[in-house]
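See below for the structure under consideration.
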Amino acid sequence: MRLVWKLLKQHISIPQFVGFFFANLVGVVIILLGVQFYSDYRALDSEDSFMKSDYMIVNKKVSTMSSLVGRSSTFTKNEIKDLKDEPFVEKMGAFTPSSFNVWARFEVEGLARFSTDMFFESVPDEFVDVKSEAWKYREGSKQIPIILPKNYLDLYNFGYAQGKGLPKLSEGILGAMKLKIHIVGNDYSDEYDGRIVGFSSRLNTILVPEAFMAWGNKKYAGGKAAKEPTRLIMEVNNPTDDRIVSYLQEHNYETDESKLDASKTNFILRVVISIVMVVGVVISILSFYILMLSVFLLVQKNSTKLENLLVIGYSPTKVSFPYQVLTVGLNVLVLIISVIVMLIIRSIYIGMFENFFPDYGAPSIVPAMVVGGLLLVVVSIFNIIAVRQKVMSIWENKQ
């Protein structure tokens with residue numbers, strides 16, 4: 001083995017390996033930074049992590065004239081079908097309202113106790129990104145998962161609580177509160193435990209699982225005909241598509257402009273990050289070829305001496321091993337330095353995030369580390385196989 005190492009040292013081209021090292025370093029840093037930056041940016045909207053940014057909520061405009069003439073604000077089946085058939089719509093669902101009376105009581109021992117009338121709505125479960133077990137409702141269960149609007153909490157803290165001299169509540173405290181739900185309808189009167197699984201600044205409604213809504217309307221609304229939806233939720237393939245705004249204006253529909261702008265921003269950000277990461281991948285691939293070319297030239301320069309080693313009894317595996325160690329070692333070194341560079345750059349923009357958003361909590365670097373680990377494994381396997389095949393070709397030619 002020492003003989004092979006001695007041969008390896010004789011013809012190593014330092015400039016070639018330095019060129020590979022820096023080219024690959026740039027490529028890997030771009031890839032890791034792109035993955036981690038997107039993960040960190042998404043954490044800015046963590047309060048709505050259970051809803052994708054490409055979801056839009058659509059309703060009909062309510063005006064004085066439409067109220068005077070009695071124009072319905074609900075969507076008919078034909079209107080829903082027409083919108084669903086538009087090319088910019090990936091999938092669509094309707095908000096299903098409750099057809100029964102809901103009353104809720106909040107209790108925190110020693111802090112607050114208050115009650116209010118409520119209403120429930122549901123959307124198809126595919127639009128809610130909550131762990132299936134947390135959002136699951138089994139028929140007859142006395143516990144109901146609930147997602148509350150964040151502005152309800154703001155109204156309580158900065159309006160009701162301040163005027164009544166009650167303590168302000170955080171999301172964590174409210175999530176730990178005992179929430180008693182009283183439902184009345186169709187000669188039934190039952191009490192349930194509400195379990196708050198999240199808060200949303202994008203949904204101005206109290207959301208419950210679709211399974212509970214279907215069962216509850218059947219039990220507490222009896223034979224009443226299902227209400228037509230007043231709001232629709234849809235996933236679009238490109239929030240920047242001008243056809244979305246044109247269609248909504250043409251049919252007198254509306255959506256929250258700020259949420260539409262946020263969706264556009266997220267979409268553009270994904271596109272930019274994807275382009276940057278593609279550039280990083282291209283640079284890494286080119287650097288990979290530089291490395292393999294350097295190793296192949298190194299093997300070729302030592303081909304006569306390697307043939308002699310193979311003839312006197314050295315196996316292709318032993319002859320290949322030093323070259324494989326060299327390539328894998330360089331890959332590991334590149335990954336370690338890339339992670340360090342990524343962390344330095346990340347600390348700069350995370351500081352900016354925290355200045356603008358004091359409550360911002362930076363996520364872990366697991367996404368970037370996983371991607372980096374996968375890159376290391378994949379590239380190293382290709383390196384090991386390529387080097388072994390090159391040495392095997394020398395051995396086969398000698399035979």
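The values are calculated or read from the model by the stated rules, or taken from the named source; none is laboratory data. Since the structure is predicted, the reported quantities are computational estimates derived from the model, not experimental observations. All Cβ positions, glycine included, derive from the backbone under ideal geometry; neighbour counts span all protein chains shown. Surface areas here come from the heavy atoms of the whole protein model, side chains and all, with no ligands, DNA or RNA. Shrake-Rupley method; radii C 1.70, N 1.55, O 1.52, S 1.80 Å.
Side notes on the structure shown:
- Whichever residue in segment 384-399 is polar (S, T, N, Q) and assigned to a helix (DSSP H, G or I) and, among such residues, is modelled with the highest pLDDT: Gln389
- Whether a residue is at pLDDT below 75, under 24 Å from Phe127 (Cβ atoms) and surrounded by 13 or more Cβ atoms within 10 Å (Cβ to Cβ) was assessed, and Arg231 does not pass this test.
- No other residue among Ser338, Ser364 is of a type outside the set (A, V, I, L, M), assigned to a helix (DSSP H, G or I) and open to solvent by less than 80 Å² (accessible area, probe 1.4 Å) apart from Ser338.
- A single member of Lys178, Lys168, Lys164 is at pLDDT below 80, closer than 20 Å to Gln143 by Cα and surrounded by fewer than 16 Cβ atoms within 10 Å (Cβ to Cβ), and it is Lys178.
- Test: residue in segment 234-250 that is modelled with pLDDT of 85 or more and basic (Lys, Arg): no
- For the condition touching a helix residue (DSSP H, G or I) at 6+ places or on another chain (Cβ under 9 Å), at pLDDT 65 or above, at negative phi and surrounded by fewer than 19 Cβ atoms within 10 Å (Cβ to Cβ), Ala23 does not qualify.
- Residue in segment 368-381 that is at pLDDT below 75, within 30 Å of the chain's Cα centre (by Cα) and of a type in the set (Gly, Ala, Ser) present: no
So that you can scan it fast, the table gives a plain yes or no per residue for (1) at pLDDT 85 or above; (2) open to solvent by less than 70 Å² (accessible area, probe 1.4 Å); (3) touching a Phe, Trp or Tyr at 6+ places or on another chain (Cβ under 9 Å); (4) not in a loop (DSSP other than H, G, I, E, B):
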site	(1), (2), (3), (4)
Leu8	no, yes, yes, yes
Ser39	no, yes, no, yes
Arg42	no, no, no, yes
Glu47	no, yes, yes, yes
Met51	no, yes, yes, no
Arg71	no, no, no, no
Thr74	no, yes, no, no
Glu90	yes, no, no, yes
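- Given (1) open to solvent by less than 50 Å² (accessible area, probe 1.4 Å); (2) modelled with pLDDT of 75 or more; (3) within 21 Å of Gly93 (Cα to Cα), number of the condition Ile273 does not satisfy: (3)
- One residue from Val311, Val319 being surrounded by fewer than 17 Cβ atoms within 10 Å (Cβ to Cβ) and modelled with pLDDT under 80: Val311
- Segment 190-209, residues that are open to solvent by 70 Å² or more (accessible area, probe 1.4 Å) and either of a type in the set (A, V, I, L, M) or modelled with pLDDT of 85 or more (or both): Glu191, Arg195
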